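Shown next, in structure tokens, is the structure this report addresses.
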């Protein structure tokens, strides 16, 4: 094994995590190779330096606060269940259904109107007649029609 | 009176909404969970909230625990995942950089230095700060692997169960993490 390969195993060797055979090979290599031996020493020193981090002392009691949160969580879950029972369809789904319904409704309405209602000329003529002196079905229109009829009959 | 129920029995009872069972379970493990969270985050204030969050998760997941995974492994897995997620979200928080130096609260350090002389205490604090900075500069999974190995005394195999990866992946995490620490701390110590 090359020094590069050996060095990748040094930490596992120091941690006692190598199989016995590999550990033996590495041990004899470290005895012969000053560079790898120096690497092992540097890793050991780093390992010791980690202990400079302070010990954790005075552990607080988390039980009361956590149990209170568990209780509150249970209340929230019950509230959510009640809401879902009262409103089985979520509000977002109901809103989405309403929007989709409106879009489909407007679309269908336009298709039906353009297919079954031929409003083109009729509507235009009707609207224009509104601006005559005697619009259709007005009193004036009725008076003129009655006059024509009387004239035809010679009254 | 000492409750002789096993961890599995306590968790099953907790899943059946028995708060006393969960109280006992917490009493057994809150020290270790708090220790791991403190060492990983280096922030005692955040650790207080995180430990509660973790036990709330444990309570919710109590019904899904099976004894084929050791309770430590299961508990450490929840703790490790929660801590890693917390640190990831904190790194994205722009306010975090400003608070980073304050993370080593004097309260954590004071216990160590209380017995030492003033000068030694300051040196110790500086070294602790340096080690903390070096540890915090590691990728989170490397940092967690080293924390579990060095401070919790877990083997590579146990760490692989906690981090849900292979033993060789743990070996690689530890090697890369320690190599980076060695370089960072070596450079710092030579200054």
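Coordinate-derived values only; no laboratory data. Predicted model only: the values in this text are computed from it and were never measured. Counting neighbours? That spans all protein chains shown, and the Cβs are built from the backbone with ideal geometry, glycine included.
Of note:
- Sorting the segments B:145-155, A:91-101 by their mean number of nearby beta carbons within 10 angstrom, highest to lowest, gives B:145-155, A:91-101.
- Inter-chain neighbour count for A:138-151: the average number of beta-carbon atoms from partner chains within 10 Å of each residue's beta-carbon is 0.
- Residue-averaged beta-carbon neighbours from other chains (10 angstrom radius) around B:124-133: 3
- Shown is the FRET efficiency for residue A:139 and residue A:108, computed with R0 = 41 Å from the Cβ-Cβ distance and rounded to the nearest 0.05: 0.50.
- Shielding by partners - mean other protein chain Cβ count within 10 Å, residues of B:27-36: 3
- Base-10 log of normalised Debye intensity for the range A:3-51 (one unit scatterer per alpha-carbon) at q = 0.16, 0.20 Å⁻¹: -0.40, -0.62
- Label-point separation in nm, residue B:124 to residue A:55, each point 7 Å along Cα→Cβ: 1.1 nm
- Sorted largest first, the principal axis extents computed over the alpha-carbon atoms of the range B:1-103 equal 47, 27, 21 Å.
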